[in-house]
Amino acid sequence: MPRRLKKNAELDLKKKGTTDCSIELHDEAADCYQRFEVDKWCDGSSVRVEEKVALEIPVAFVYNGISHVVMMATPHNLKELALGFSLSEGIIDKADQLYSVEVEIKEQGIELNIEISTQKFVQLKHWRRNQTGRTGCGLCGAESLQQAIRPVTAVKPAAAISAEVLQRAILSLSDEQLLQQITGASHCAAWHDLTGKMMLLREDVGRHNALDKLIGSLHKEQIDLAKGFVVISSRASYEMVFKSCRAGISSLVAVSAPTALAINLAREANLSLIGFARPGRFVSYC
């Protein structure tokens with residue numbers, strides 16, 4: 001099982017107002033929340049309570065000194081996010097083409113200074129664009145229809161996953177989503193082996209970010225992607241399928257629905273796609 005996160009972790013914030021706070025990095029995803037005094041209404045009455053709210057911080061990706069994209073993210077596993085995003089977006093083809101990631105805390109947010117190979121940086125400059133706001137959608141900043149729907153290389157055939165294995169994976173998901181348990185505001189992406197045992201889980205306020213963090217971790221640990229599958233806590237959009245294929249993942253399981261474009265892309269790329277994965281049921285689309 002993955003290393004369990006601290007359930008009672010509390011974020012040390014220097015409050016300047018009701019919502020402003022100093023920016024910090026955190027060792028545990030469950031640390032990534034801020035406390036607020038709120039009025040909670042229930043059954044016709046209101047009560048003053050303390051609410052734990054997930055952090056969402058601007059994170060800038062700077063490649064070889066050139067700013068490429070700013071996203072809103074949870075300040076945890078940011079080096080894995082940098083690697084996963086670079087792989088899933090095709091900025092690099094292999095993990096060893098990313099040389100280093102330096103995390104720098106700024107007054108307005110966090111800057112990831114990413115050093116990649118000269119060859120990949122030259123390629124990046126040819127199609128660099130300003131992409132903002134990936135917690136909501138994956139195409140913000142695309143300047144043309146050609147940029148919006150990108151081709152993807154087919155993945156290797158997926159290993160067979162039995163209904164029993166799939167159910168085991170689904171049932172284990174909620175127990176490990178500690179930031180979600182605390183705040184109710186995070187997505188997760190998890191890696192399960194072919195027995196359904198959870199090996200890795202990453203959380204973030206953005207579903208794309210959670211998947212990129214997991215992809216970065218899988219490649220960092222050099223895990224054999226033929227010997228497992230990914231489960232995501234969100235819908236299976238085009239971008240989630242695209243990122244999975246780009247990273248070499250052959251099986252994607254979503255607890256919610258896929259889109260028609262996601263299904264078509266998955267079939268084109270030979271990706272095994274399962275949606276509505278809930279206790280006692282699921283739908284296999286590819």
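At a glance:
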| read-out | value |
| --- | --- |
| Residue in the stretch 42-101 that is surrounded by the fewest Cβ atoms within 10 Å (Cβ to Cβ), counting only those that are under 19 Å from PHE121 (Cβ atoms) and of a type in the set (Val, Ile, Thr) | ILE66 |
| Close pairs from the stretch 44-58: first under 19 Å from ALA30 (Cα atoms) and assigned to a loop (DSSP other than H, G, I, E, B), partner aromatic (Phe, Trp, Tyr) and modelled with pLDDT under 95, Cβ under 7 Å, at least 6 apart | LEU55/TYR33 |
| Those residues of the stretch 192-217 which are hydrophobic (A, V, I, L, M, F, W, C) and touching a residue at least 40 places away in the same chain (Cβ under 8 Å), in sequence order | MET198, MET199, LEU200, LEU201, VAL205, LEU211, LEU214, ILE215 |
| ASN77 vs. criteria farther than 15 Å from LYS213 by Cα and in contact (Cβ under 8 Å) with a residue 40 or more places away in the chain | no |
| Yes/no for LEU211 being within 26 Å of PRO157 (Cβ to Cβ), in a strand (DSSP E or B) and not assigned by TED's automatic domain parsing to the domain that holds GLY90 | no |
| Of all residues making up the stretch 249-286, the number that are closer than 19 Å to THR153 by Cα, small (Gly, Ala, Ser) and either under 20 Å from the mean Cα position of the chain (by Cα) or not in a helix (DSSP H, G or I) (or both) | 5 |
| Failed item, numbered, when SER217 is tested on (1) assigned to a loop (DSSP other than H, G, I, E, B); (2) under 16 Å from the mean Cα position of the chain (by Cα); (3) of a type outside the set (Phe, Trp, Tyr) | (1) |
| ILE91 being without any contact (Cβ under 8 Å) to a residue 40 or more places away in the chain and not assigned by TED's automatic domain parsing to the domain that holds GLN222 | yes |
| Answer from GLN181, GLN177 - the residue that is modelled with pLDDT under 95 and under 16 Å from the mean Cα position of the chain (by Cα) | GLN177 |
| Hits in the stretch 59-83 (condition: among the β-branched types (Val, Ile, Thr) and in a loop (DSSP other than H, G, I, E, B)) | THR74 |
| Test: SER244 is outside any strand (DSSP E or B), in contact with a His (Cβ under 6 Å, 6 or more places away or on another chain) and not aliphatic (A, V, I, L, M) | no |
| Condition met for LEU145 (aliphatic (A, V, I, L, M) and either farther than 24 Å from VAL255 by Cα or at pLDDT below 95 (or both)) | yes |
| Close pairs (7 angstrom Cβ cut-off, 6 or more residues apart or separate chains): assigned by TED's automatic domain parsing to the domain that holds PHE229 and in contact (Cβ under 8 Å) with a residue 24 or more places away in the chain in the stretch 166-186, part of a helix (DSSP H, G or I) and buried (at least 20 other Cβ atoms within 10 Å of the Cβ) anywhere | LEU178/ALA29; LEU178/ALA30; LEU179/ALA29; LEU179/ALA30; ILE182/ALA30; SER186/LEU179 |
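The values are calculated or read from the model by the stated rules, or taken from the named source; none is laboratory data. Small disclaimer: the values here were computed from a predicted structure and weren't measured. All Cβ positions, glycine included, derive from the backbone under ideal geometry; neighbour counts span all protein chains shown.
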